[in-house]
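To start, the structure itself, in structure tokens.
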């Protein structure tokens, strides 16, 4: 047999085999497909008590200011007021004082409330603190941009023979109220008369009364300083609210006794200046009295 015929037969054989392979592959049934179905499962829900309207600092709760709202049980926290734990919560919490602001839709937490029959300002004071009020102006209070719950430094400006002198007497103290405003939301955060709501922080342009949250020693310092000069408030950054101050003088009030006279002064800053106010008593120049003047004793400082 000729070689050409042998090659032709081989080519025909390969072509037939390829055709048979393609026919067999095309007739094979398609591979099964997996169908994925997404089933939405409703998460279990409960109801919690939330604020229906803005509730300002010092305001008392009532059923009109709160409401029940559906809440996923997976996002439930132990401090929330639930309908299962306190079904009559709107009535049971009526009269409770808000120590912090509540925004609309915010869950009511008893940790932010205090149940008291006394005034609202005493209810929002921290334990062991005192509320002390001083008169300030917009010019001496960061242009009137100080709002309740800000932290400030208190400066005392006095007049001396060398001119006016300013010093920090209190550092990082919380502003409880300005006028009758205790916060930025609700009626207690409205105008200075406390008669209108305010959705935005309100500033003041004239003089007003600032109530500061102080401990007893700081309250004594502020009262003594208010009789010695002009007080100013310097606004602190929110990043410095919880910073621990180091090296800030306490300026505790002390009694200075010199030559039998007594005066209450602030320790540290103005003590030397006040002490110089007491001149050496004159010695009677009696005839024949050639005795040298008696050296005055060292001033005695007694803490109050």
So for R0 = 35 Å, FRET eff. of residue 91-residue 217 from the Cβ-Cβ r, to 0.05, ends up at 0.25
Order by neighbour count: 45, 112, fewest other Cβ atoms within 10 Å first, most last. 45, 112
Using only the Cα atoms of region 45-122, build the gyration tensor, take square roots of its eigenvalues as a ≥ b ≥ c, and label the shape rounded, prolate or oblate: rounded if a/c is under 1.5, else prolate if a/b is larger than b/c, else oblate. prolate
What list do you get for 24, 86 if you sort them by fewest beta carbons within 10 Å? 24, 86
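How much length is gained if the chain between residue 60 and residue 42 is pulled fully straight, taking 0.36 nm per residue apart and subtracting their Cα-Cα distance, in nm to one decimal? Spell out each step's value before the answer.
Details: separation 18, 0.36 × 18 = 6.48 nm, distance 3.65 nm.
Extra length available between residue 60 and residue 42 comes to 2.8 nm.
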Could I have the simple spin-label model distance between residue 11 and residue 115, label points 7 Å from Cα toward Cβ, reported in nm to one decimal? 10.3 nm
Would you mind ranking 102, 145 by Cβ crowding within 10 Å, fewest neighbours first? 145, 102
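Readers should treat all values here as calculations from the given coordinates under stated rules, not as data from a laboratory. All of these numbers come straight from a predicted model, not from anything done at the bench. Cβ atoms come from the backbone with ideal geometry, glycine included; neighbour counts cover every protein chain shown.
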